[in-house]
Amino acid sequence: MSNKPLQILLAGIGINLTIGILYAWGVFTVPLAEALNVDATDVKAPYKIAVFTFATCLLIAGILQDKIGPQKVAMFGVTLVGLGLIASGYTTTLVELEFTFGGIVGAGIGFSYACISPSAMKWWPKGKKGLVSGLTAGGFGLASVYLAPLSTSLIENYGIYDTFKILGAGLLVIAIPLASLLVAPPAGYVADASEAKAAASSDDINLSWQQMLKTPQFYQLWVMFMVSAAAGIMLIGSIGNISKSIGLTSEQIAFSVVLLAIFNTGGRVVGGLISDKIGRVNTLALVFMLQAGNMAFFTTITTQMPLMVAIAIGAMSYGALLSVFPTITADNYGLKTYGTNFGILYSSWGVSGFFGGFLATVAGSTNNTYFAFAALLVAATVIAFFTKPVDKEAVLAKEENKLKAAKA
């Protein structure tokens with residue numbers, strides 16, 4: 001194996017480290033509220049719009065990168081992120097910030113993120129795809145570990161607007177050259193010589209998104225991803241309130257944020273690595289059970305140490321989802337059509353935030369919400385045990401038989 005696979009992997013990790021600014025948004029809220037003369041809660045709007053735009057553009061970018069390759073799409077994406085941050089440094093109203101950060105930066109993150117995992121996985125053997133997916137996703141989760149303190153220091157010294165300009169300019173300088181390295185392997189490329197004989201097997205079959213939607217496994221994966229992601233997002237979003245309710249200091253809360261980022265990143269890498277060893281579905285079932293137990297555990301927390309343990313478990317579990325679901329999509333439906341297919345599956349992540357809010361409203365209290373999620377995660381575990389690998393050859397054969405019958 002040449003050093004090209006490693007080069008692509010490191011470039012992908014590097015790009016995700018530069019575009020993972022969403023996880024550091026909490027650093028910007030108070031300074032932005034003061035600069036724009038609005039309530040701090042109103043500043044959540046650009047973040048929410050960015051998350052929605054990110055999820056939407058990830059699907060569009062997935063389709064594009066399947067057609068024209070990852071390099072152009074990724075370069076376009078990181079350019080949008082950089083220019084969007086610079087433009088955010090010139091905003092004077094919340095509406096303008098919603099457009100520059102929520103719209104432009106969010107879109108750029110979607111276009112960039114969509115290209116990294118597929119371009120890296122195509123260069124590595126099947127037995128390492130989970131690890132590769134975890135490492136690339138880990139860069140995105142780890143970004144807040146350096147971006148949060150860096151942004152805080154820049155804000156203190158230069159103000160919020162110049163901070164956006166500095167971060168945007170720095171991103172353009174670093175990320176555009178890295179994005180230029182993202183290329184798909186040449187036709188006929190086999191990552192491992194031992195896999196050459198299997199190149200014409202089911203592993204080399206790629207199903208279109210239309211064919212994917214005809215398989216029951218897609219809907220099983222969609223429901224599992226939506227429920228488990230909603231649970232993870234709910235925990236991450238409630239850490240600040242729980243920390244304040246049990247009397248943690250600002251320094252302890254800051255430590256919990258760093259802990260969250262580290263274990264979120266670790267979960268992505270470890271989850272991918274474990275899925276290579278014991279299988280994707282088995283890994284998902286294990287993660288769902290950890291999440292279910294952790295939900296129940298959250299209802300008992302009254303001191304710092306149990307909270308830190310719960311944060312570690314919750315962050316690691318959530319991180320694992322973001323490496324295993326991409327890999328199982330590639331396994332089930334092929335790598336050539338991965339960008340489009342995972343973009344469609346990723347819609348479950350976009351819906352998960354709305355589902356979590358709906359469940360919290362129906363449950364009526366925080367503890368009831370935790371227990372409701374625990375029950376749903378147990379149900380997701382059951383679904384996982386009934387989720388079988390997609391028989392791609394059977395899917396194609398069934399479609400071919402239908403065409404023959406229609407012509408007869």
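Some points to look at:
- Degrees between helix 304-333 axis and first principal axis of the chain (Cα, 0 to 90, nearest 10): 30 degrees
- Taking Cβ atoms as reference points and 14 Å as the exclusive limit, the residues near Val73 contribute a net charge of +1, counting Lys and Arg as +1 and Asp and Glu as -1.
- When the convex hull of its Cα atoms is projected in every direction, mean area for the stretch 81-220 (nm²): 11.7 nm²
- Between helix 366-385 and the chain: long-axis angle, C-alpha atoms, 0 to 90°, nearest 10: 10 degrees
- Relative contact order for the chain, counting Cα pairs under 8 Å that sit 6 or more residues apart, in percent: 24 percent
- Both radii come from the Cα set of the stretch 4-184: Rg as radius of gyration, Rh as Kirkwood radius; their ratio Rg/Rh reads 0.99.
- In sequence order, calculated HN-Hα J values of the stretch 68-84 (Karplus, 6.51, -1.76, 1.60; Hz; x Gly/Pro): 10, x, x, 4, 5, 5, 5, 5, 4, x, 5, 5, 4, 4, x, 5, x
- Equivalent ellipsoid semi-axes - Cα gyration tensor, the stretch 246-288, angstrom: 31, 11, 4
- Computed over the chain, the ratio Rg/Rh where both radii use C-alpha atoms and Rh is Kirkwood: 0.98
- Largest first, the extents of the alpha carbon coordinates of the stretch 297-408 on the three principal axes equal 69, 28, 24 Å.
- Relative contact order, percent, the stretch 260-408 [alpha-carbon distance under 8 Å, six or more residues apart]: 35 percent
- In a reduced charge model with +1 at each Lys and Arg Cβ and -1 at each Asp and Glu Cβ, the chain shows a dipole moment near 1140 debye about its Cα centre.
- Based on DSSP H segments of at least four residues, each scored -39500 (n - 2.57), the chain has a per-residue ellipticity at 222 nm of -26000 deg cm²/dmol.
- D_trans [Stokes-Einstein, Kirkwood Rh over alpha-carbon pairs] for the stretch 202-395, 37 °C, 0.692 mPa s, µm² s⁻¹: 191 µm²/s
- Basic side chains Lys and Arg get +1 at the Cβ, acidic Asp and Glu get -1 at the Cβ, and with that the dipole of the stretch 4-184 about its Cα centre reaches some 1080 debye.
- Among the listed pairs Lys67/Lys214; Lys48/Lys126; Lys4/Lys214, those whose Cα-Cα separation exceeds 31 Å are Lys48/Lys126; Lys4/Lys214.
- Top of Ala61, Ala33, Ala374 by mean-square fluctuation, Gaussian network on the chain, Cα under 10 Å: Ala33
- Look at Tyr219, Tyr47 and count the other Cβ atoms within 10 Å of each Cβ; fewest to most, that gives Tyr219, Tyr47.
- Local electrostatic count at Gly357 - Lys and Arg +1, Asp and Glu -1, tallied over other residues with Cβ under 14 Å: +2
- Positive-end residue of Met305, Ile278, Gly102, charge dipole of the chain with Cβ unit charges: Ile278
- Mean separation of Cα contacts under 8 Å (6+ apart) over length of the stretch 237-326, as relative contact order %: 47 percent
- Using θ = phi - 60° and Karplus 6.51 cos²θ - 1.76 cosθ + 1.60, couplings along the stretch 214-219 (whole Hz; Gly, Pro as x): 8, 9, x, 4, 4, 6
- Rounded to the nearest Hz, the phi-derived 3J(HN,Hα) couplings of the stretch 347-356 under the Karplus curve 6.51 cos²θ - 1.76 cosθ + 1.60 (θ = phi - 60°) are 4, 5, 5, x, 6, 4, x, 5, 5, x, where x marks glycine and proline.
- Principal-axis analysis of the Cα atoms of the chain puts helix 250-278 at an angle of about 10° to the longest axis.
Read the figures in this text as sums done on the coordinates, not as results from a lab. Everything numeric in this text was worked out from a predicted model, so none of it was measured. Note: ideal-geometry Cβ built from the backbone for every residue, glycine included; neighbour counts use all protein chains shown.
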